[in-house]
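Q: Below: one structure in structure tokens.
The values are calculated or read from the model by the stated rules, or taken from the named source; none is laboratory data. The model shown is predicted, which means the values in this text are computed figures rather than measured ones. Cβ: placed from backbone, ideal geometry, glycine included. Neighbour counts: every protein chain shown.
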Amino acid sequence: MTVKDLYEKVVNGFIISDIELQRAIVYDADKQALVIDSLYKGIPLPAFYLWEREDGKLEVLDGKQRIEAIKKFKQGNLKYEGKTWKAYAYDSDLQEVVDNTELTTIICSGNEEKKREIFKRINTLGVPLSKFEVLNGLYHGEYISGINDYFAQDTNIRKVLPNTAIDRGDNKYRLLEFIYYVRKGGIFPKRSELDDYVQEHKDESFNEEVKKIKPYISFIRDVFGDASKIGNMLKFKLAVKYLKDRTIWLQHKDAICKDCNAFIKSEGYKLSTSKEEDIEAMILGIVGNLRVDPKRLFTSDDKAELISKLTPDAQGLYECEECHQHFAVEELTVDHKTAWSKGGRTVLSNARLTCRACNSRKGNS
Ligand SMILES: [Zn+2]
């Protein structure tokens, strides 16, 4: 199909580009001009996916924004290098080149279910949509509109999960995961599970979900504010688990933020599940008035310093302070005398050498 064919079919309604299954992203004028530029310079555009309906008309599954750009340009509403379509009629070959450019079109047919599946595949394998944009395209309805409105209007959610133009709905997706987590009693969904959940609730109001999550969102806003750097999923988990202790957590919110940030700084930003447990222990320490050291682990420098103060045996081995057997330096770990989770500091005066077996047997040190 040439550009000219495609344009005529769109204008006379044989190709329908304005259907529900479409991405929320809209090209700006620069990106639209880039479509024209590609056509003129012979740079191939991605394939257009069209869906053949029973009445023979074609719906656009992928390519709407490119079609919009062509339409706008040919109708005089978009300029390419400062000139409109008409202005190119006299002194340039642009009209001819663009009109005769062959486009790659892929026409599919089948039932509604297959159509949705193809849409999903295009957007999983092709130009990637964000996970939320896929849901937005597939299950557009009252539920999805509701979450969009919620993010547009509610100041609490905007504070807890800022929705910026760059994140392309990532935080909306995160909120859906959290809703699922709350609804299913503490399980985060796999992608397909969330997909099914949204499909199931497609035509329902989002208000019930808002009612359900509101207390947690307020808890997170009030305790962590926007200063805390710990991850959203961890905040969600903590909110569900400790909502009942809201009053006491609020009394300690400044210390919680300060120590969480210090912890993250000392551990680096990559939080593993075991570090999540450490953060939880630390916060529980704070709200129980038992302060734990934001520095969780001894470093290799700490170990070297500790070793330098000890005398090895005749074989050059050191004693495990738990089982009293002797080990090479590499086989020994530095451990807290008073457990870290019970308020023990990560300082050398609270450090001791233990073998790996003793250290792991002792567990939460
Ligand atoms: Zn030992």
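Q: Taking Ile217, is it among the aliphatic types (A, V, I, L, M), within 23 Å of Glu142 (Cβ to Cβ) and either in a helix (DSSP H, G or I) or at pLDDT 95 or above (or both)?
A: When the stated conditions are applied, Ile217 passes them.
Q: Among the candidates Leu94, Leu45, Leu39, Leu61, single out the residue that is within 23 Å of Leu135 (Cα to Cα), touching a residue at least 12 places away in the same chain (Cβ under 8 Å) and touching a helix residue (DSSP H, G or I) at 6+ places or on another chain (Cβ under 6 Å).
A: Leu61
Q: Let me ask something else about it. Within segment 322-355, which residues are within 15 Å of Phe298 (Cβ to Cβ), away from the ligand (no atom under 16 Å from the Cβ) and surrounded by fewer than 19 Cβ atoms within 10 Å (Cβ to Cβ)?
A: Those that are within 15 Å of Phe298 (Cβ to Cβ), away from the ligand (no atom under 16 Å from the Cβ) and surrounded by fewer than 19 Cβ atoms within 10 Å (Cβ to Cβ): Thr338, Ala339, Gly344, Arg345, Val347, Leu348, Ser349, Asn350.
Q: So, one more: Checking the condition assigned to a strand (DSSP E or B) and within 28 Å of Ile279 (Cα to Cα), which residue from Asp293, Asp335, Asp301 passes?
A: So the residue among Asp293, Asp335, Asp301 that is assigned to a strand (DSSP E or B) and within 28 Å of Ile279 (Cα to Cα) is Asp335.
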